[in-house]
Every structure is written in C-alpha cells, then in structure tokens.
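Readers should treat all values here as calculations from the given coordinates under stated rules, not as data from a laboratory. These numbers were taken from a predicted model, which means no experiment stands behind them. All Cβ positions, glycine included, derive from the backbone under ideal geometry; neighbour counts span all protein chains shown.
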Amino acid sequence: MTVEQRPNVPSTTPTAGRRTFLQGVGAVALAAVTAPSVARGEGPIRWKMVTTWPRNFPGVGTGADFLAGLIGVMSGERLKVKVYGAGELVGAFEVFDAVAQGTAQMGHGASYYWKGKHPATQFFSAVPFGLTAQEMNGWLFHGGGWELWQKLYAPFGLMPIATGNTGVQMGGWFNKEIRSAEDLNGLKMRIPGLGGEVLARAGGTPVNLPGGEIFSALQSGAIDATEWVGPYNDLAFGLHKAAKFYYYPGWHEPGTTLEALINRQALDSLPKDLQSIVLNACRVANQDMLAEYTARNNTALETLVNTHKVQVRAFPKDVLAKLKTLSEAVVGEIAAADPAAREIHDSLRRFRDQAMAWHRLSEQAYMDARLA
C-alpha cells in the first residue's frame with residue numbers, strides 16, 4: 001500500500017477535544033507574546049518536521065500534526081512547523097539522518113528504527129516484556145531515562161524526547177493459526193526492533209517495512225504476518241482484508257514510546273522561551289496520543305470483530321514463555337556488548353523491577369478486584 005492508497009484515513013481536522021484544547025492554549029500563548037517582536041515586523045521562524053508515518057494517518061501521523069499545531073499556538077505563531085509524511089521529503093527510514101544533517105529541524109518516529117545507528121536506541125521505544133506506557137513515562141521523566149537518551153543521541157547532534165505512546169499493542173495479523181512455538185518456524189513477519197530479533201531466534205524471518213508498505217506485502221503473500229499497532233490503526237490500514245487471525249497480547253511492544261527528534265543546533269538557536277515551548281509541547285503530545293489510543297482502540301476492535309468477523313486469538317502460553325526466554329537473551333546480549341547499552345539496560349531493568357513491585361499492590365491488584 002502506498003501512502004496515497006491507505007484506506008479509511010480521516011482528515012487532519014482536529015477532534016473537538018483537540019480543537020478546544022488548542023484554542024485554549026492559543027489564547028494564553030497569544031497573550032504572552034511580547035509587543036516588541038510584533039512591532040519589529042519579524043516573520044515567524046519556520047521549521048520542517050519529517051515523519052516515519054503515512055501523512056495524516058490516525059494516531060501516529062495525526063499526532064505529529066497535533067504537535068506542530070501545538071507549537072504554533074503555544075508560541076503565538078512565532079514558530080511554525082510544517083509536517084511532511086513519509087516519502088514526501090525523505091523516506092520513512094531516512095528521518096534520523098535528515099534531522100541530524102539539518103535537512104529538517106524535527107522528526108517524528110520511533111527509536112527502534114535506528115538500531116543501525118546504535119543498538120541501544122531500541123530501548124527507548126519498546127523492549128519485549130518490558131515497560132508499559134505508564135512505566136515508560138515514569139522511567140523517562142522521573143527515573144533517569146531521558147538523560148540517558150539524550151546522552152546516546154548527543155554524538156548525532158540530536159535531542160530526543162518522548163512524543164507519543166500507543167500503549168500495549170496487539171500481537172499482530174497472521175494468515176495461519178499459531179498453536180505452538182513450532183508455528184513460528186519459517187514465519188516471515190513484518191516486525192521491527194527487538195521483537196524482530198526475538199522472532200529470528202524463534203526460527204522466523206523478521207522484515208522491516210514502513211507502514212505504507214505493510215498492506216500490500218501482507219496481501220500479496222510477500223510476508224505471512226505483520227504487527228502494526230492496535231485496532232485503531234489496524235482498522236484504518238484495512239489489515240483485516242489481508243489476514244484472518246488477530247493475536248494478542250503485544251509481547252514485543254508493551255508500551256511503545258514515539259519520539260520527536262530535534263536538531264540540537266536548531267533548538268539551541270531558538271530563544272529560551274521557544275526552546276521550552278518545543279519541549280513541553282512534545283510532553284503534551286506524548287500524553288494526548290496515549291489518551292487517544294485508550295479512547296479509540298476498543299471501539300475499533302468491536303468493528304473488526306462484529307462487522308468484519310475478525311478472529312481474535314490469544315497467543316498460547318508456551319509461545320509466550322518461549323518468546324520471553326528469547327527476549328531476555330537478546331536484550332541481555334545487547335547490554336553486554338556495549339557500555340552505553342549496559343548503562344541504559346541496567347537503569348531500565350531497575351525501574352521495571354520497582355514499578356512491578358508497586359503495581360502488584362496498585363494497578364494489578366485493582367484490575368483483579370474490578371474483575372472479581
């Protein structure tokens with residue numbers, strides 16, 4: 001599927017909630033703009049944002065649009081950001097280099113796409129059987145994760161920051177049932193990052209494709225299975241038209257963090273207040289995207305099941321057990337091979353252990369009580 005062929009993609013018009021929020025932010029921001037800059041007749045600063053997503057795609061793509069709009073209103077239109085979808089200015093997997101080289105001042109994507117730059121980039125997006133969205137936000141912003149992320153990206157002249165989260169994803173779309181771990185042998189699946197490396201250890205063949213190419217690859221049989229995100233996005237891509245079985249849970253991406261990549265020189269050249277606006281707009285967009293997925297996923301799932309008769313299946317316990325064992329081996333090997341990866345892994349692991357200990361008494365205990 002090309003970007004132009006994506007099905008059921010809504011317009012970029014913000015939802016009512018987003019419109020109200022942007023209008024409120026804009027009123028405050030405009031009141032704060034100083035008169036001298038207007039009097040001097042200075043034009044706005046203009047930035048480009050390149051993304052790894054098909055233009056206007058629900059959630060991830062519109063999340064980039066929301067961020068750009070938010071920066072505009074928060075800055076009183078002193079900083080305007082134009083968004084380019086994958087392939088419009090650069091290819092989906094060229095975003096990192098484009099921002100590092102200054103072709104664009106910002107990028108929006110997921111850090112596991114850049115494992116060729118450094119294997120540890122993957123730790124800041126999704127670790128199989130790792131942190132949930134709530135835990136990722138805790139680690140990044142109050143557990144030292146963001147500082148380590150900045151340290152890793154500094155040699156490339158980039159400032160990364162969390163700018164979206166999908167929550168726990170689905171396990172993917174399959175053209176055959178997965179009854180045991182043996183069914184993973186020979187499976188050709190679109191699955192990026194650490195999850196792809198784990199699949200390879202299980203006997204499968206991981207394929208890394210940008211979102212706009214997934215449907216056609218699955219429909220043509222070039223791949224046997226694919227993961228993308230979850231019901232909200234998967235319904236929009238029409239993946240139910242190309243595969244029969246929809247598996248859960250998303251063991252490979254339990255709380256996938258999306259990132260804004262910011263060219264460090266471009267950021268530092270801004271006035272201090274605009275630097276703060278850019279970074280804090282990213283944090284607002286980070287929260288907003290998770291809220292949107294939480295609100296949209298189950299409605300989309302009901303449509304997939306009730307209207308399109310999708311067969312939703314749970315991965316067998318032995319499959320998950322094998323994938324977990326392999327995941328621990330893959331992540332451990334990456335950490336052992338590089339000092340930076342080890343530092344990040346150790347920080348993430350310590351945070352996961354303490355978060356799990358607390359959540360057993362809080363989130364998990366409450367969920368169990370609610371189901372009782």
Study note, to complete from the structure: Counting only residues 5 or more apart in sequence or on a different chain, those whose built amide H sits under 5 Å from that of Gln311 are Tyr246
Practice item. Using θ = phi - 60° and the Karplus relation 6.51 cos²θ - 1.76 cosθ + 1.60, list the HN-Hα couplings for the stretch 319-328 in order, rounded to whole Hz, with x at every Gly or Pro. Key: 5, 5, 4, 5, 5, 5, 4, 5, 4, 4
Review point. Going by how many other beta carbons lie within 10 Å of each one, how would you line up Glu77, Glu292, fewest first?
Key: Glu77, Glu292
Exercise for review: Provide Rg over Rh for the stretch 74-198; use the alpha carbon set for both Rg and the Kirkwood Rh (inverse mean inverse pair distance).
Suggested key: 1.02
Revision key, fill the gap. Any residue on another chain or 5+ positions along whose placed amide H is under 5 Å from the amide H of Asn165 is listed here as Leu258, Met289, Leu290
Exercise for review: Could you list which residues have their amide H under 5 Å from that of Thr51, counting only those 5 or more apart in sequence or on another chain, with H placed in the peptide plane?
Suggested key: Tyr84, Ala86, His108
Exercise for review: Calculate how steeply helix 133-142 sits against the longest principal axis of the alpha-carbon atoms of the chain, using the helix alpha-carbon long axis, and give the answer as 0 to 90 degrees to the nearest 10.
Suggested key: 50 degrees
Revision key, fill the gap. Any lysines whose Cα falls less than 24 Å from that of Lys309, other than same-chain ones fewer than 8 residues away, would be Lys176, Lys241, Lys244
Check your understanding: With the contact rule set at Cα under 8 Å and sequence spacing of 6 or more, what percent relative contact order holds for the chain?
Key -> 22 percent
Practice item. Take the alpha carbon gyration tensor of the stretch 253-372, find the square roots of its eigenvalues, order them as a ≥ b ≥ c, and report rounded if a/c is under 1.5; if not, report prolate when a/b exceeds b/c, else oblate. Key: oblate
Review point. Under Stokes-Einstein, with the Kirkwood radius over Cα pairs standing in for Rh, what whole-number D in µm²/s applies to the chain at 37 °C and 0.692 mPa s?
Key: 154 µm²/s
Review point. If the cut-off is a Cα-Cα distance under 26 Å, which lysines reach Lys151, setting aside same-chain residues fewer than 8 apart in sequence?
Key: Lys48, Lys115, Lys117, Lys272
Practice item. Obtain the nm distance between the two label points defined at Ser276 and Thr294 by a simple spin-label model: each point lies 7 Å from its Cα along the Cα-to-C-beta direction. Key: 2.7 nm
